[in-house]
Amino acid sequence: MEKKIAENYRRYLERVNLYKKFGYDIENERKFILEKAQPIYGNILEVGTGKGYFTLVLAKKGYTFTSIDISEEEQKFARLNIKYFGLENQVDFRIMNAENLDFEDNSFDIIFLINTIHHLDNPYRVIDELIRVVSFEGKIILSDFTNEGLEIMNKIHTRRGSSHEVNNVVLSDIDNYLIKKEFKIQKYRSKFQEISIAYRQII
């Protein structure tokens, strides 16, 4: 098992370095998101574990949280990375479809959805679920690639001999949807990441 964990981390570093060659620093972009998401408090949910880039940032910062993904194959990379750093007790990994979350209403104070929206088959259904499970005084942190970020992802996937499939829903569409649901939106942007922080307007 230790060899498997070490090998997984080596592949993780290879991916990080590949992204850097194209100008995208995964760690800096995730830190940027985390900085803009402050303050972070209460029960935390990460939707879309993927290979665990953001999962690792949260765990290293000492947060204890739940992370879900529909793909067990993808999430296993994150699990092994977390084990590499001995942070298993900080993350409750679960396999779950974000369109139908197995959580009660108002379960989480902070919800992260990072670089996932462009992959979703039914993004508005997922957003409805996030609205349902976020606490009244909580917030939803959404981040996705800018056009520059998507260009880099396309180049990386092309180099791998694959394609980077995206839907036709962008973050501004989600912002408008949340505003109609009486959420207020704070916006931030780096060259490669766009961030929306949504919270209910308390009157």
### Query
Can you list the GluC sites (Glu not before Pro) in the range 32-114 that are in a DSSP coil and have 16 or fewer other beta carbons within 10 angstrom?
GLU99, GLU104
#### Entry: Reciprocal mean inverse distance between Cα atoms of the range 151-192 - Kirkwood radius, Å
12.7
### Query
For the range 1-66, what is the largest minus smallest coordinate of the Cα atoms on each principal axis, given in angstrom and ordered from greatest to least?
35, 33, 19
### Query
To the nearest Å, what is the center-to-center distance of the range 133-188 and the range 1-21, using C-alpha atoms only?
26
### Summary
Along principal axes, largest first, the alpha-carbon spread of the chain in whole Å comes out as 53, 36, 28
### Accessible surface, 1.4 Å probe, highest first, among residues SER196, SER107
SER107, SER196
### Task
Choose one of THR49, ILE174, PHE32: the residue whose Cα lies farthest towards the positive end of the charge dipole of the chain (beta-carbon charges +1 Lys, Arg; -1 Asp, Glu; about the Cα centre).
PHE32
### DSSP beta bridges in the chain [antiparallel fraction, %, rounded to 5]
45
## Note on the structure
For the range 93-203 the mean separation of alpha carbon contacts under 8 Å (6+ apart) over residue count, i.e. relative contact order in percent, is 29
### Message
Taking 8 Å as the Cα distance limit and 6 or more residues as the minimum spacing, I'd like the relative contact order of the range 69-158 as a percentage.
### Response
28
## Note on the structure
Taking trypsin sites (Lys or Arg not before Pro) in a DSSP loop with at most 16 other Cβ atoms within 10 angstrom as exposed, one finds the longest site-free stretch of the chain at 62-180
### Query
Given the rule -39500 (n - 2.57) for each run of at least 4 DSSP H residues, summed and divided by the residues of the chain, what is its mean residue ellipticity at 222 nm, to the nearest 500 deg cm²/dmol?
-13500 deg cm²/dmol
### Query
Quick one: with all protein chains in place, what share of the accessible area of the chain is carbon or sulfur, to the nearest percent (1.4 Å probe)?
46
#### Entry: Relative contact order of the chain, defined on C-alpha pairs under 8 angstrom at six or more residues apart (%)
19
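The values are calculated or read from the model by the stated rules, or taken from the named source; none is laboratory data. Quick caveat: nothing in here was measured; it's all calculated off a predicted structure. All Cβ positions, glycine included, derive from the backbone under ideal geometry; neighbour counts span all protein chains shown. Note: areas computed on protein heavy atoms with side chains; ligands, DNA, RNA excluded. Shrake-Rupley method; radii C 1.70, N 1.55, O 1.52, S 1.80 Å.
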